[in-house]
Amino acid sequence: MNIREKICAWLFEKSERPYRFLFKQGKKAWNLSSADLARYPKETLGYATSQFLIKNNFELLDKLESHDVMHVLLEMKTTVKEEIGMQFLLLGNGKKSAYMYATIMLGYILQLEHYKYFSYCYRRGKTLHPVHKIDFFEALKMNTVQLRNSLKKTQNFSKSKILDPITF
C-alpha cells in the first residue's frame, strides 16, 4: 500500500465514527454478526455477506451494515481503489450525500491514477436501478444472483470491452 492509499485508509477509519454520529442517529442497528448471517440459506445475500465478512475478518458496524452488504451485492472488494470506486458507482446511481461527495473528491485527488476505473464505476452506476434505495436488511433473505440481476437496467454493460474493469 502506497502512502496515498494509507492516507485514504486512515481517513476512512477516522471518519467512520463522526459519520455514524452525524448521519445515522435515527437509524437502528441490525445486531447481526457474521455467525448470524452464516445461518441464512446459502443462496441468500445474508449468507454471501457472512462469507465476505469472514474472508475479510470483519464484523458489521452498527448502523453502517448496508455498506458491507453493498460490497457483496456489487461484487466490489475493500481495497482503497474499490472503496472509492463504490462511491463513484453510487454517484452515477443517483445517491446524494455529503460523505459520498467528500470521499469522491479526496479519493480522486489522492488516487488520480485510477481515474479510468472511477469513470467505469460511475458509468456502471448509471446502468443499475437505484441501489441506495434497497432495504438491505430485508434483502438479506433474497437470492443473491436474482437480486444482482434485478438491479441491471441493461444486460450489455458487463460484456462491453470498453468498460471492462480488468483493463484498469
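The values are calculated or read from the model by the stated rules, or taken from the named source; none is laboratory data. This structure is a prediction, so every number in the text was calculated from the model and none was measured. Using ideal geometry, Cβ is built from the backbone for each residue, glycine included, and neighbour counts are taken over all protein chains shown. The area values use the complete protein model at the heavy-atom level, side chains included, leaving out ligands, DNA and RNA. Shrake-Rupley method; radii C 1.70, N 1.55, O 1.52, S 1.80 Å.
Observations
- Residue check for Ser66: more than 25 Å from Leu128 (Cβ to Cβ), of a type in the set (S, T, N, Q) and touching a residue at least 24 places away in the same chain (Cβ under 8 Å): no
- Considered as a group, the residues in region 111-162 that are surrounded by fewer than 18 Cβ atoms within 10 Å (Cβ to Cβ) and under 28 Å from Ile7 (Cα atoms) include one that is modelled with the lowest pLDDT, and that residue is His132.
- Which listed residue is more than 13 Å from the chain's Cα centre (by Cα), of a type in the set (S, T, N, Q), within 15 Å of Phe137 (Cβ to Cβ) and open to solvent by less than 50 Å² (accessible area, probe 1.4 Å), from Ser97, Ser50: Ser50
- Filter pass, Thr167 being modelled with pLDDT of 95 or more and β-branched (Val, Ile, Thr): no
- Selection status of Tyr108, surrounded by 15 or more Cβ atoms within 10 Å (Cβ to Cβ) and either modelled with pLDDT under 95 or not in a strand (DSSP E or B) (or both): yes
- Check on Ala29, in a loop (DSSP other than H, G, I, E, B) and either of a type in the set (D, E, K, R) or more than 17 Å from the chain's Cα centre (by Cα) (or both): yes
- Pair list, Cβ under 8 Å, 6 or more apart: region 134-162 residue farther than 17 Å from Leu89 by Cβ and in a loop (DSSP other than H, G, I, E, B), other residue at pLDDT 65 or above and polar (S, T, N, Q): Leu140/Thr44; Leu140/Thr49; Lys141/Thr44; Met142/Thr44
- Of all residues in region 53-62, none satisfies the criterion of being more than 22 Å from Asn143 (Cβ to Cβ) and open to solvent by less than 10 Å² (accessible area, probe 1.4 Å).
- The one condition in (1) within 22 Å of Leu112 (Cα to Cα); (2) buried (at least 19 other Cβ atoms within 10 Å of the Cβ); (3) touching a Phe, Trp or Tyr at 6+ places or on another chain (Cβ under 8 Å) that Glu65 fails to fulfil: (1)
- Any hit, region 7-24, residues being open to solvent by less than 60 Å² (accessible area, probe 1.4 Å), in a loop (DSSP other than H, G, I, E, B) and either of a type in the set (Ser, Thr, Tyr) or on the phi < 0 side of the Ramachandran plot (or both): yes
- Summed over region 74-90, the residues that are within 26 Å of Val145 (Cβ to Cβ), open to solvent by less than 50 Å² (accessible area, probe 1.4 Å) and of a type outside the set (Phe, Trp, Tyr) give a count of 11.
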